[in-house]
Amino acid sequence: MIVLGQEPAATVRYLATLRDGLSAGKLPVWEGGLSPVLDLDLVCHLPPPTNHPEWTARFRPGLCYYRHGPGFVEVKDTRTPATAARFVIDDPDLLSCFLRCLNPTPIAGLGPADTEAVEALVDERLVLRFDDTLLTLPHRMTRWPIPAMAS
């Protein structure tokens, strides 16, 4: 059983696995917990553990995702309805950091321009800073989770 937030490196790797699985259309079945050091508002868009009723109640596909175009990404974030937002990230530094942090990235490897860009992405809750590692949180939407014309 995994408890997200207890071991930083394992937490970031597992969150990346959940995010990437969701991008591939897979909803993994897993058991685990969430340490109080990790905010449910940041991860509620990812597939929940079977034994976490609050997370399960909040989760639905499409809460926080991005679509990638040439030279930009568009992000939709509705994890918290009161602060729902849509972003177009086309600034080269922001875009580079957003894409770079799709893989867990140590903070120590960032240059001055990267640090400023990461701070902006962390402030918008698009990148998680956990211990000394960064991770982009939105999953890539490659296809809509339900048919658009479903009746």
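All of the numbers you see were taken from the coordinates with simple rules; none came from a lab. Quantities reported herein were computed from a predicted structural model and do not represent experimental measurements. All Cβ positions, glycine included, derive from the backbone under ideal geometry; neighbour counts span all protein chains shown.
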Exercise. Where in region 85-139 are there strands (runs of 3 or more DSSP E), lying wholly inside it, with at least 2 residues that are in contact (Cβ under 8 Å) with a residue 24 or more places away in the chain and over 20 Å from PHE72 (Cβ atoms)?
Worked result: 127-130, 133-136
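Just the residues that are assigned to a strand (DSSP E or B), among the hydrophobic types (A, V, I, L, M, F, W, C) and free of Cβ contacts under 8 Å to residues at least 24 places away in the same chain, please, taken from region 58-83.
Of everything in region 58-83, just one residue is assigned to a strand (DSSP E or B), among the hydrophobic types (A, V, I, L, M, F, W, C) and free of Cβ contacts under 8 Å to residues at least 24 places away in the same chain, namely PHE72.
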Exercise. Here are LEU22, LEU42, LEU46: which of them is part of a helix (DSSP H, G or I), touching a Lys or Arg at 6+ places or on another chain (Cβ under 7 Å) and surrounded by 14 or more Cβ atoms within 10 Å (Cβ to Cβ)?
Worked result: LEU42
